[in-house]
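Let me begin by presenting the structure, written as structure tokens, before commenting on it.
The values are calculated or read from the model by the stated rules, or taken from the named source; none is laboratory data. Please read all numbers here as calculations on a predicted model, not as lab measurements. Cβ atoms come from the backbone with ideal geometry, glycine included; neighbour counts cover every protein chain shown. Just so you know, the surface numbers come from the protein's heavy atoms only, side chains and all, with ligands and any DNA or RNA stripped out. Shrake-Rupley method; radii C 1.70, N 1.55, O 1.52, S 1.80 Å.
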Amino acid sequence: MGKRVILILTKLYDFNLGSVTESSLWRSTDYGTTYEKLNDKVGLKTVLSYLYVSPTNKRKIMLLSDPEIESSILISSDEGATYQKYRLNFYIQSLLFHPKQEEWILAYSLDQKLYSSMDFGRKWQLMQERVTPNRFYWSVTGLDKEPDLVHMEARTADGHTHYLTCRIQECSETKRSGPFSRSIDISSLVVQDEYIFIQVTAGGRANYYVSYRREPFAQIKLPKYSLPKDMHIISTDENQVFAAVQEWNQNDTYNLYISDTRGVYFTLALENVKSSRGLEGNIIIDLYEVAGIKGIFLANRKIDDQIKTFITYNKGRDWRLLQAPDTDLRGNPVVCQLPFCSLHLHLQLSENPYTSGSISSKETAPGLLVATGNIGSELSYTDVGVFISPDGGNSWRQVCFIFEEEYNVWFLDWGGTLVAMKHTSVPIRHMWVSFDEGRSWSKYSFTSTPLFVDGSLVDPGIETQIMTVFGHFSLRSEWQLVKVDYRSIFSRRCNKDDYQTWHLHNQGEPCVMGERKIYKKRKPGAQCSLGRDYSQTVVSEPCVCGQGDFECDYGYERRSNNQCVPAFWFSPSSLSKDCSIGQSYLNSTGYRRIVSNNCTDGLREKYMAKMEKCPGKAPRGLQIITTDGKLVTEQGHNATFIILMEEGDLQRTNIQLDFGDGIAVSYANFSPVEDGIRHVYKSAGIFQVTAYAENSLGSDTAVLFLHVVCPVEHVHLSVPFVAIRNKDINITAVVWPSQAGTLTYFWWFGNSTKPLITLESSISYIFTVEGMNTVTVQVAAGNILIQDTKEIAVHEYFQSQLLSFSPNLDYHNPDIPEWRQDIGKVIKRALVQVTGIPDEQILVAVFPGLPTSAELFILPHKNTTERRKSSEDDLEQVVEVLFNALNQNLVQFELKPGVEVIVYVTQLTLAPLVDSSTGHSSSAMLMLLSVVFVGLAVFLIYKFKRKIPWINIYAQVQHDKEQEMIGSVSQSENAPKITLSEFTDPEELMDKELDTRVMGERQPSAGACFAV
């Protein structure tokens, strides 16, 4: 906007409703002297949420309405004097303006969609759905080919997160591109200056990748055993990356790393830097870059549970503690001996744009720092004061007695003037101004009535001499805006006699980052205005390269003698694998010149990397990994393999990859396999994937075993309804689809807390406790886990009888487990009601299939083991009572109004009195002969398609039904098993009136998983 126009948006928040109920827009055209309320121009009932000013044309303004009330924008092209309102069909959460084109805007909606506009918001076009919040970026001039290119992180149709790019008018699926071929971790895309960063977690470890100047992505190389848990990009200034890395053994601290120019190879700059959480849960690293002078950083480091402030003048190569002031506020000498005592500073920048934060510096005031801190053995949050350094952190002084409390300090007039205001919860009416870098302060009144100050608006223009203070006279009063104009206190414009020179140094050493620099500053006490034409003249000349101008290269560590030597895990020759015999490469000496250091000659020739011929090497350290780090993939889906090699000639090494399913591929060198080798497995199983690398000097082999699975969707436990105590029973887990590959089964029995683990779907088990026992199975296939639970009644002995029903029940049988369970309960209630037998002695299991049939289990009384003989007699009496009631058609129930169902005894009894002892072997033999004859009868019936009255033989022919089997355990393990394989004619299996009931383990007909 123009130099005299100020726009302010105020909102009234109702804490009872939890929302904004009113807003007001104010405009000043005389730099805050008077304000006009513009609510009638934007709509009296319109509630506004945000105000945006175009960064490339300050005359263009955009207002957003509150999305909880309506979705619209208001646009102004005359510095907010008039507005046009446009309705939207989506709700804007945030906007991103193009850094060069004033009409181009990106809008992010509440439902995670990204829209673009090329006419300053009048028309919008959908670009991409499922975009990650705050992970979309405009193109960077000079790096991206098209100015309308957008970088974004989005979740694609495959459910994974990808890095995508497209032009704002050409962002269809066919026009989008993926600069990184694999999926990435959510909220990991960062596009900053010349670099693009992404994160990919594989095998539980985070891997970071960088693209420098839009080159292909390269994996970031941290020291081998840093094993990062988290990484934050701190700075990408001056063609170098400053990163904070939280390593495997850190919780509340981070290590600082600094990179080479390409951002690939990182070396340690400082360990255990303090971190904290911001108001929105964001990580804040206690690192501060001093404005106006390159290479100077301040950091708070944790040492033996104490936080101490350190400073570096060469971008992290060397750090030292801050020297405390020589005198205190009253001029008394300060006794503070390094390293036991030093100055410690709070380094947090303000998250509130209307306060100054705990430390400040200005690009236009090089060397001047203002910070809050304390003197002592460690950083403290009590007994703090305000400290100022006029020489880039070399020396400090505490501000006079007026600043014994916390203050906000701002830079005005090109940084030549300091303005301080007490940061307090009580009303104030004074502020303090200094013209001599904080040596002396003058007190000024900015309001006649004390004001509860909420903040201050300082125009980002560097020649600013006007502030706007806002707040309230009382807790219930309206907003008060106070314009503070400092121009009247400047007696004149500065002339050449009002300036002095200042030489940058590091404790007397004039060479900082390889240069001697001389700055022009206003003389302390000169009460003159620097003005708009002020220029900080800088005289600089290069220095001769010395030891302090070089840091250790990647893989090297600095020892106590100041020499860089290879770390124990690093092989210097490993960096030569990218070049081939006959070519040359730069062989590191273990040192590299600090990026943006401008020294010349001296040690430069000694420490610079040397050009050498590429050595021929045999392949060594061959590895196969998958892109996601997992050893399991789904049948029919792409499996992508990455081949890595620690040593060897990448250009002259042949690669062969055998997928283990009869298919293999070969490559003449590593170039085609850098982005991975894709393969689709058409069947499930475990496959041995073998990589073979060979050149003229040798060979190497690597093996990976890959599990290919078909996702399991359902598991059904096939268990007997009743079992005999201390006798083996067979339990089967039926999985759909059946061709799911290698599965792992976890079995829990009764109250056990530790599972039995098998690779087989069946297991034998002996129950030793009578009563209801629980069986649970979990089936694991890849990252999918499914479960089923059943109950088994366990007794010393019992009797069972097959039941049949009047034909009208079949018409209402949907043949699903829930219906069968409910019908079983109904039959049990009917039996109890007619016979008076206790319900704990009766169990009813309804079988799958048609015609509808069931099995009745008659159980002994509880705790009857000691009087076994009498209990058996009692059980016979119960059986007789039940059979009499069933034979007289006394057991019936009403399925629905008008539908009466009669329960019958099936004429064939498959399970007489069952016992775990050998006393009933003759009964078992009779039953065995009976079942054999029945099996023959079934065979003849199927052959001749005839029906015998009163005999129903139940089969498990289920077409597209859920797999289920409910039955008892016979007293003989030699009971006949009738399977579908015995019926050779498939057409005969379509006769649904005949149903064979299998007395043992059955083979389910489950679905299969097919790859196209």
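The apolar share of the surface of segment 1-73, taken as the fraction of accessible area on carbon and sulfur atoms (1.4 Å probe, ligands and nucleic acids excluded), comes to 51 percent. Over segment 149-270, one equal point on each Cα, no solvent: what is log10 I(q)/I(0) by the Debye formula at q = 0.09, 0.18, 0.20 Å⁻¹? Debye output, listed in q order: -0.26, -0.96, -1.13. The stretch between ASN808 and THR744, if pulled fully straight at 0.36 nm per residue, gains 18.7 nm over its current Cα-Cα span. Residues whose amide H lies under 5 Å from that of SER71, counting only those 5 or more places away or on a different chain, are LEU88; hydrogens are built 1.01 Å from N in the peptide plane.
Based on alpha-carbon centroids, what's the gap between segment 789-822 and segment 674-701 in Å, whole number please? Their Cα centres are 54 Å away from one another.
Model label sites at ASP383 and ALA664, defined 7 Å from Cα along the beta-carbon direction, differ in position by 7.5 nm.
Need the full-extension length gain, ARG213 to LEU475, defined as separation in residues times 0.36 nm minus the C-alpha distance. One decimal, nm.
Length gained between ARG213 and LEU475: 89.0 nm.
The residues of segment 799-905 present an accessible area of 49 Å² per residue when probed at 1.4 Å with all protein chains retained. Given axes a ≥ b ≥ c from the Cα gyration tensor, I'd like to know whether segment 83-208 is rounded (a/c under 1.5), prolate (a/b larger than b/c) or oblate. Taking the square roots of the gyration eigenvalues as a ≥ b ≥ c, segment 83-208 is prolate. Close amide H pairs (under 5 Å, H built 1.01 Å from N) link GLY602 with CYS545, residues at least 5 positions away or on another chain.
Please report the relative contact order for the chain, taking Cα pairs under 8 Å with a sequence separation of at least 6, and give it as a percent rounded to a whole number.
Once divided by the residue count of the chain, the mean separation gives 4 percent.
With distances taken between every two different alpha-carbon atoms, segment 614-684 has a Kirkwood hydrodynamic radius of 13.2 Å.
Against the criterion of solvent-accessible heavy-atom surface with a 1.4 angstrom probe, HIS423, HIS430 sort, most first, into HIS423, HIS430. Dividing the C-alpha radius of gyration of the chain by 2.2 N^0.38 Å, with N its residue count, gives 1.35.
Where does the Debye-calculated log10 I(q)/I(0) of segment 649-755 sit at q = 0.15, 0.17 Å⁻¹, using only Cα point scatterers of equal weight, no solvent? Debye curve over Cα of segment 649-755, log10 I(q)/I(0) at q = 0.15, 0.17 Å⁻¹: -0.79, -0.90. As a calculated quantity, the FRET efficiency between GLN507 and GLU70 at R0 = 56 Å, using C-beta atoms, amounts to about 0.35. Heavy-atom accessible area, probed at 1.4 angstrom with all protein chains present, ranks PHE883, PHE340, PHE387 as PHE340, PHE883, PHE387, highest first. For segment 799-905, the orientation-averaged shadow of the C-alpha convex hull comes to 6.7 nm² (one quarter of the hull surface).
A 1.4 Å probe run over segment 620-696, with the rest of the protein chains in place, finds 49 Å² accessible per residue. Of LYS145, LYS224, the residue with the largest accessible area leads and the full order is LYS145, LYS224 (1.4 Å probe). Seen from ARG167, the other residues with C-beta closer than 12 Å to its C-beta sum to a net charge of -1, counting Lys and Arg as +1 and Asp and Glu as -1.
Split the accessible area of segment 620-696 by element, probe 1.4 Å, and carbon with sulfur accounts for 44%. Each residue of segment 723-738 is assigned a 3J(HN,Hα), and the resulting list reads 9, 8, 4, 6, 10, 4, 10, 9, 10, 10, 9, 9, 10, 10, x, 6 Hz, derived from the Karplus form 6.51 cos²θ - 1.76 cosθ + 1.60 (θ = phi - 60°), x at Gly and Pro. Using R₀ = 25 Å, calculate the FRET efficiency as 1/(1 + (r/R₀)^6) where r is the Cβ-Cβ separation of LYS754 and LYS682; round to 0.05. In this case the efficiency is close to 0.10.
At a 1.4 Å probe, what is the % contribution of carbon and sulfur to the accessible area of segment 342-398? Don't jump to the answer; show the numbers that get you there.
Working: 960 of 1900 Å².
Reported share for carbon and sulfur atoms: 50 percent.
For LEU95, the solvent-accessible surface computed with a 1.4 Å probe is close to 20 Å², ligands and nucleic acids excluded. Close amide-amide hydrogen proximity is noted between THR82 and SER77, each under 5 Å apart and 5 or more residues distant or on a separate chain (H modeled in the peptide plane; Pro and chain starts excluded). Greater than 22 Å separation of Cα atoms is the criterion. Which listed pairs, LYS221/LYS315; LYS362/LYS517; LYS11/LYS100; LYS145/LYS315; LYS229/LYS274; LYS113/LYS175, meet it? From the list (LYS221/LYS315; LYS362/LYS517; LYS11/LYS100; LYS145/LYS315; LYS229/LYS274; LYS113/LYS175), the Cα-Cα distance tops 22 Å for LYS11/LYS100; LYS145/LYS315.
Couplings 3J(HN,Hα) for segment 498-515, derived from phi with the Karplus relation 6.51 cos²θ - 1.76 cosθ + 1.60 (θ = phi - 60°), are 8, 10, 9, 9, 10, 9, 5, 7, 10, 6, x, 7, x, 8, 10, 6, x, 9 Hz, where x marks Gly and Pro.
In the context of the full set of protein chains, segment 714-795 has a per residue accessible area of 45 Å² (1.4 Å probe).
Multiply the residue gap between SER187 and LEU697 by 0.36 nm, knock off their C-alpha separation, and tell me the result in nm, one decimal place. Stretched fully, the SER187-LEU697 segment lengthens by 179.2 nm. When the alpha carbon gyration tensor of segment 496-542 is reduced to an equivalent ellipsoid, the three semi-axes, largest first, read 24, 12, 7 Å. Where both bridge residues fall in the chain, DSSP classifies roughly 95% of the beta bridges as antiparallel. Given R0 = 56 Å, the distance between the Cβ atoms of SER764 and THR156 translates into a calculated FRET efficiency of 0.75. Phi angles across segment 80-90 convert, under the Karplus curve 6.51 cos²θ - 1.76 cosθ + 1.60 with θ = phi - 60°, into 3J(HN,Hα) values of x, 6, 10, 9, 10, 9, 10, 7, 10, 9, 8 Hz, Gly and Pro given as x. Rounded, prolate or oblate: which fits segment 714-795, taking a ≥ b ≥ c as square roots of the Cα gyration tensor eigenvalues, rounded meaning a/c under 1.5, else prolate when a/b beats b/c? Because a/c hits 1.5 or more and a/b exceeds b/c, segment 714-795 counts as prolate.
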